[in-house]
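One structure is given here, and the rest of the page talks about it.
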Amino acid sequence: MDKLLVILPPMLLDEAQLTTCYFTKDYEWIRFDDSTAYVGVCDFKLIGITDIQKIELVIPARDGKQGDLVANIISEDYSIPVHMPVGGRFIESNQALISSPNTLLQSAQTSGWIIKIQPLLPYAAAELLDESEYSKKQTRMKTSI
């Protein structure tokens, strides 16, 4: 039996929901929401970018694995890859972001989510940073720049 893909209206994440985020060492984030999760990039990964020309989605034909490429953020001078923080099944992309990519520069960690997935269990949560660990890493990076 064929599976039906249901496209839901984009969900905007508010600042209070960031406390449930986890982060990768490559400055991507994932926010778990029951059996689904939202994936995006951290503000820190976008430092120096002033204009995003487009976001190219790389949707896996089957379940994506942790580390798989899911998108490229294209600016005039850079192509920034976005990877799966955990293995999962693609559910939807943020169409508002695709049509207005510079939204990512204003709200990368809220309304700038890129894809929604259904994480495959067990996922490698040990490789994810909680908010405190991420904050420490970000502070170290800022002081070394």
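Listing for the model above:
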| item | result |
| --- | --- |
| Candidate set: the stretch 89-140, residues that are among the hydrophobic types (A, V, I, L, M, F, W, C) and in a strand (DSSP E or B); chosen: the one nearest to Lys25 (Cα to Cα) | Leu129 |
| Count - residues of the stretch 110-124 that are at pLDDT below 90 and either within 19 Å of Asn72 (Cβ to Cβ) or among the β-branched types (Val, Ile, Thr) (or both) | 1 |
| Checklist (1) more than 13 Å from the chain's Cα centre (by Cα); (2) surrounded by 14 or more Cβ atoms within 10 Å (Cβ to Cβ); (3) without any contact (Cβ under 8 Å) to a residue 60 or more places away in the chain; (4) farther than 23 Å from Asp33 by Cβ applied to Asp51, failing item | (2) |
| Some residue of the stretch 39-54 being under 17 Å from Ile91 (Cα atoms) and modelled with pLDDT of 85 or more | yes |
| Leading residue by the ranking (surrounded by the most Cβ atoms within 10 Å (Cβ to Cβ)) among those in the stretch 22-35 that are at pLDDT 90 or above, assigned to a strand (DSSP E or B) and not basic (Lys, Arg) | Trp29 |
| Yes/no for Val70 being crowded, with 17+ Cβ neighbours inside 10 Å, within 22 Å of Gln138 (Cα to Cα) and β-branched (Val, Ile, Thr) | no |
| Which numbered condition Gly67 misses (of (1) at pLDDT 90 or above; (2) over 20 Å from Gly48 (Cβ atoms); (3) not in a loop (DSSP other than H, G, I, E, B)) | (3) |
| Close pairs from the stretch 84-113: first under 16 Å from Val58 (Cα atoms) and free of Cβ contacts under 8 Å to residues at least 60 places away in the same chain, partner part of a strand (DSSP E or B) and of a type in the set (Lys, Arg), Cβ under 6 Å, at least 6 apart | Pro101/Lys54 |
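The values are calculated or read from the model by the stated rules, or taken from the named source; none is laboratory data. A quick note: this is a predicted structure, and the numbers were derived from the prediction, not measured. Neighbour counts are summed over all protein chains in view; Cβ atoms, including those assigned to glycine, are modelled from backbone coordinates with ideal geometry.
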